[in-house]
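Some notes on the structure that comes next.
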Amino acid sequence: MTRRETQKNKTEQRRSFLLVYTIAFVLTCALVFRFFPAAGKRMVWKGDGLSQHYVALCYYARWGRAVLRSILQGKPSFPTFNLHMGYGADLFTTLQYYVIGDPFSLPAVFVPQKHMLFFHDAMILLRLYFAGICFDGYCREMGHRAPAPNLCGTLIYVFCSFALFGMRHPYFLNAMIWFPLLLIGAEHIFRGRKGGLFTAAVFLSCISNFYFFYMLVIMTILYVVWRALRICLFPAFSADTGAAMKQILSFALQFLGRAVLGTALGAVFMLPILLRFVQDPRATEGVAYGLLYAADFYRQIPESFVGFGTTLVLDNWTCLGLGGMGLLGVLLLFVGTGRDSRKGIDNRKDKAGRRKKTGRPGEGRFSGHMDLKIAFIGMAFMILVPAAGAALNGFTYPANRWIWAFCMLTAYIAVVMLPCLHRITAGRMALVLLFMSVYAVVCALMGADRSVIGEIILAAAAAAFVWLAGEFRGRHPEISGGPVSLLCTVVLTLTVILTASGHGTACFEKGACSSEVQQYHSRQYIEAMMASEAAGMKSLLGNDTFYRYSGRDLANNFALLNDVSDTQYYWSLSDSGTEQFFTETGQYNGMVHMFDNLDNRTMLDEIAGVTYYKRGDGSLLPFGYEKMEGLHYDNRELFGEAEESLPVFAFSVYKNTCALPLGFTSDRYLTRKTYDALTIPQRQEALMQGILLEDGDLQTVTSQKTSSDSGISEAEISFTEEEIPFAVRTEEGLDITGKEDGSFVVTVSDTEAALHLGAEEEGALSQGEISLLLTGMEYAAPEKGSEQKGSEQKGGEQAREPVYGISEPVTVRVTADRSDHVVSDKKVEYTLPDNPWKTGRSDFMCCCGYTDEPLTELRMKFSRRGVYTFRSLTIIRQPMEKYPEMAQKLGQYVLEDLDLHELAGSGATNRISGRLTVPDSRLLCIQIPCCRGMQAYVDGKKTPLLQADTMFCAVKVDEGTHEIELRYRTPGMAAGACISIAALLIIIAQEAAGRLRKKELRKKKRL
């Protein structure tokens, strides 16, 4: 057979496989995802799925269309700063984790909003489909082209637990596509072919998601190093170590060059995100973890290897679910066939009596697939050790999100080993079935779900059938092998499909770790969320001019879709200055990258430029807010009767009568030393009397002092807050003990019991903003076996202690009563040292709101049993008599004629400008984060940008009228673009040189 005929035959086999795979994929999807249409759900998860992934996709499509429109109109614009993401953020680096750079999200630019849900779901399925195609491509590259094993292995890989559990984060699935591509590209280099595919795979991995790119790089390096050693140092017939080392060096240079080229090609995406990531507060915080996981984790691993998985195992992304066929492949690998099945070794011998070498590079001396055994044992060990999970998670907290690599390895083992069922000896087959039986018994004893036992039995039956069919065919050679092979293929494929269907049931019906279909949203629910309070504020107040609003329970990130600004933020990357400000002011958000408001404190909202407040319940308001008549919103008016409970956004709008605009001034400053020495309530009052400057910025201001700067001086701060003496009353199941140093120890044995704090003086909890200050908070879990009051089950049996996820904070619920009516209800969230999103805070202040009428009492409830320690518990009353005067002074000279210069239809900008007139030198504070990439200009001249009030920015201005301008450029984007262009030119030059060489070779052949 000629080379062309061989290639044609391979192409036809590939096409036939694609057809069969497509049919099997569609059938499996219909079985696995059948719960979604039955429940009327879409593939948008209730957690991050709606508020992050879907919102990011919708906004990305709108922003992309706006940028494309500007290019087509001849006025190209590429704005990357958005004031509608919290207090303002770089949208390019924020959304790069989700959609920007993701090839599967790029077509969204051309999809109308009304079809975006369909596009979102279709792309999830398309990612899974391409993951299978790439996996099969790797198997074929390694010489495995048998249809049945390849199809089984592909389906095992595509419908493993990582895929089903990870689809809640659609962009996580991309790693399942890029990893096989990287390995195929690596094999091309090992076999002397072009490295273009490896470069392209590196590029795609680089631009898709920086987080998974890190894991892909590590896994690819491990693979390449091992394969290079196998090819160069361990071949069966080579003893030339010097030549082997030269070959290793050659491979190293090739891979390094191709990897650098692919990364450089994606530098326009990678460099900005790296510069942003190193400043992220989560990147600088370590998490405490032990040498091993909890004992229950290891007990549940056997079940999770075969079945979908349990909550405890899935909680740290140990998503396996490789089914009975995956288990069968691993057992065949370690048990062996009992016959010489070494890949690459022919039993025939040459004249010298040596075996003939027929295999691929690196195959030979390691008999019995030793490399696969070593890889499996090594990666299994990594799963079981928290340090490995933490290392592959950026040395932050243990999470096995790299598990897709292990799933691919196990699926590949199945591809390699399933053909052995036709030649395994009877004794080894009996041993395999025995081990499967023992495995099933162990799972049953460990309390595994019965479906797991069923999957093992089904796989064992399929294996026995295929083996018996092979034995029958061997004893009756006169019978055609075609029907027998076809029947075995059908049996194996149906086994995998039924296993995947079982995983779909375990995932979407039973719902381990909040994966059930009810944790996904319906179209009507999503549409109701799209009509959240952000849409309501836009409909009531418009979005033509800038304003910032706040309130309780703001819908996460929906302000971005409506081009309005609120105080809420929930994206993976956040601003370190904002996190520091939240720590300094005792905020109690349970994640550093997720916050709702500034505790609705009057003075902090004033500093942050909050103009409006939305209220939909009877909770207390901040001081100075008046109801705007006729401005009421209720999204229920947009929908008829629904079959499910939809989110309700019904509220009235209140306006801040002392509101500061975006850009206020002060002739007084606070030093960091003075500010840090203050208590939390004193800090918020101090910020109303001057602008806080960092030490370096303060030196910049004072070093440029002129004769007109006599007005800028350090603030002489005064305080009006009062500590209210209170009496404590406890309920049964809760004890409080005071110590000599003033600290309190609260022992909670019943989480329904409350701690009552009432003022000693009647009427003291009025005429001010009432807050509860908690400092030095610590928590210790109860000892095992301790009595749990108030939680006995029926029959007098003691209830088991609830199991808490590592990311679940300890909460203290603080409520305020007025005449038996709750007027404030908030939760202080204390994060434990092993929490992956810990804030590290132990000092909190919970504001109940402003009240003229006296509160009856404050109550505290605790979410967990255990011992709570507080350095102090204090009730603070903040009078507001001086507040209007302080606000008026800050708002005396403000930024006017504000222009955000947003690109039409995008809500994004690269420039903010306004006019300011002041009678003397002052500090202008602009309430947006002081981030890298932002530059200030006064009258067209570049001016130092100062960090003000910890999380905002400021500039110094002299007396007179000035044009103020802030210009933003994403840090690293320009340099990254230059690197990417240079890399592209190198690739073009290489391709041109290669074609020229080929042309010259053809000429020489003709001569």
Can you name the residue in the stretch 812-851 that is in contact with a strand residue (DSSP E or B) (Cβ under 6 Å, 6 or more places away or on another chain) and over 30 Å from Q767 (Cβ atoms) and, of all such residues, is least open to solvent (accessible area, probe 1.4 Å)?
Y830
Restricting to the stretch 431-453, name every residue that is closer than 19 Å to V330 by Cβ and surrounded by 14 or more Cβ atoms within 10 Å (Cβ to Cβ).
L431, V432, L433, F435, M436, Y439, A440, C443, M446, A448, V452, I453
Qualifying residue in the stretch 458-465 (condition: open to solvent by 50 Å² or more (accessible area, probe 1.4 Å), in contact (Cβ under 8 Å) with a residue 40 or more places away in the chain and either out of contact with any Gly (no Cβ under 7 Å at 6 or more places or on another chain) or at positive phi (or both)):
no
Mind checking which pairs have a first residue in the stretch 526-554 that is basic (K, R) and a second that is assigned to a helix (DSSP H, G or I) and open to solvent by less than 50 Å² (accessible area, probe 1.4 Å), Cβ under 6 Å, 6 or more apart or different chains?
K538/N562
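Would you call Q568 over 27 Å from Y669 (Cβ atoms) and open to solvent by less than 10 Å² (accessible area, probe 1.4 Å)?
yes
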Could you please find all residues in the stretch 661-680 being within 34 Å of the chain's Cα centre (by Cα) and farther than 24 Å from D958 by Cα?
D676, I680
Considering G153, G74, which residue is surrounded by fewer than 19 Cβ atoms within 10 Å (Cβ to Cβ) and not charged (D, E, K, R)?
G74
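Per-residue answers, yes or no, for (1) at pLDDT 50 or above; (2) among the polar types (S, T, N, Q); (3) open to solvent by less than 40 Å² (accessible area, probe 1.4 Å); (4) not in a loop (DSSP other than H, G, I, E, B):
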{"residue": "L312", "(1), (2), (3), (4)": "yes, no, no, yes"}
{"residue": "T318", "(1), (2), (3), (4)": "yes, yes, yes, no"}
{"residue": "G326", "(1), (2), (3), (4)": "yes, no, yes, yes"}
{"residue": "R339", "(1), (2), (3), (4)": "yes, no, no, no"}
{"residue": "D346", "(1), (2), (3), (4)": "no, no, yes, yes"}
{"residue": "A352", "(1), (2), (3), (4)": "no, no, no, no"}
{"residue": "R360", "(1), (2), (3), (4)": "yes, no, no, no"}
{"residue": "R365", "(1), (2), (3), (4)": "no, no, no, no"}
{"residue": "F381", "(1), (2), (3), (4)": "yes, no, no, yes"}
Helices (runs of 4 or more DSSP H) enclosed by the stretch 19-119 - at least 1 residues per element that are farther than 23 Å from I912 by Cβ, under 25 Å from the mean Cα position of the chain (by Cα) and not polar (S, T, N, Q)
35-39, 55-72
Scanning the stretch 845-880 residue by residue, the ones that are under 14 Å from K826 (Cα atoms) and outside any strand (DSSP E or B) total 1
Restricted to the stretch 807-823, and to residues that are hydroxyl-bearing (S, T, Y) and modelled with pLDDT of 95 or more, which residue is farthest from G47 (Cα to Cα)?
T815
Of all the strands (runs of 3 or more DSSP E) wholly in the stretch 587-675, which have at least 2 residues that are open to solvent by less than 50 Å² (accessible area, probe 1.4 Å) and among the β-branched types (V, I, T)?
610-615
Would you please list the contacts, defined by Cβ atoms under 6 Å and residues six or more apart or on different chains, that run from a residue in the stretch 265-284 that is within 18 Å of L985 (Cα to Cα) and open to solvent by less than 50 Å² (accessible area, probe 1.4 Å) to a residue that is assigned to a helix (DSSP H, G or I) and among the small types (G, A, S)?
L265/S980; L265/A983; A267/G976; A267/S980; V268/G976; V268/A977; V268/S980
Here, helices (runs of 4 or more DSSP H) confined to the stretch 120-236 with at least 1 residues that are of a type in the set (A, V, I, L, M, F, W, C), modelled with pLDDT under 95 and within 17 Å of N400 (Cα to Cα) are 161-166, 210-232
Keeping to the stretch 500-546, report how many residues are part of a helix (DSSP H, G or I) and closer than 30 Å to G307 by Cβ.
15
Can you list residue pairs whose Cβ atoms sit under 7 Å apart, with the first residue in the stretch 109-131 being farther than 18 Å from Y21 by Cα and the second being among the charged types (D, E, K, R) and surrounded by 19 or more Cβ atoms within 10 Å (Cβ to Cβ)? Count only pairs 6 or more apart in sequence or on different chains.
L117/R42; D121/R42
Does A200 meet the test of being within 23 Å of the chain's Cα centre (by Cα), open to solvent by less than 50 Å² (accessible area, probe 1.4 Å) and aliphatic (A, V, I, L, M)?
no
Identify, from the list K889, K942, K956, the residue that is open to solvent by 10 Å² or more (accessible area, probe 1.4 Å) and either modelled with pLDDT under 95 or outside any strand (DSSP E or B) (or both).
K889
Of (1) in contact with a strand residue (DSSP E or B) (Cβ under 6 Å, 6 or more places away or on another chain); (2) closer than 27 Å to D566 by Cα; (3) open to solvent by less than 20 Å² (accessible area, probe 1.4 Å); (4) among the small types (G, A, S), G866 fails just (2)
Picked from the stretch 526-565 (must be among the acidic types (D, E) and open to solvent by 10 Å² or more (accessible area, probe 1.4 Å)), the residue farthest from E637 (Cα to Cα) is D544
Would you mind finding the one in R969, R922 that is basic (K, R), open to solvent by less than 30 Å² (accessible area, probe 1.4 Å) and in contact with a Ser or Thr (Cβ under 9 Å, 6 or more places away or on another chain)?
R922
With (1) modelled with pLDDT of 95 or more; (2) among the polar types (S, T, N, Q); (3) loosely packed, with under 14 Cβ neighbours inside 10 Å as the list, and T775 as the residue in question, which single condition is left unmet?
(3)
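The values are calculated or read from the model by the stated rules, or taken from the named source; none is laboratory data. Keep in mind the model is a prediction, meaning the values are calculated, not measured. Virtual Cβ from ideal backbone geometry, glycine too; neighbours counted across all protein chains shown. Remember, those area values only see protein heavy atoms, side chains included, never the ligands or the DNA or RNA. Shrake-Rupley method; radii C 1.70, N 1.55, O 1.52, S 1.80 Å.
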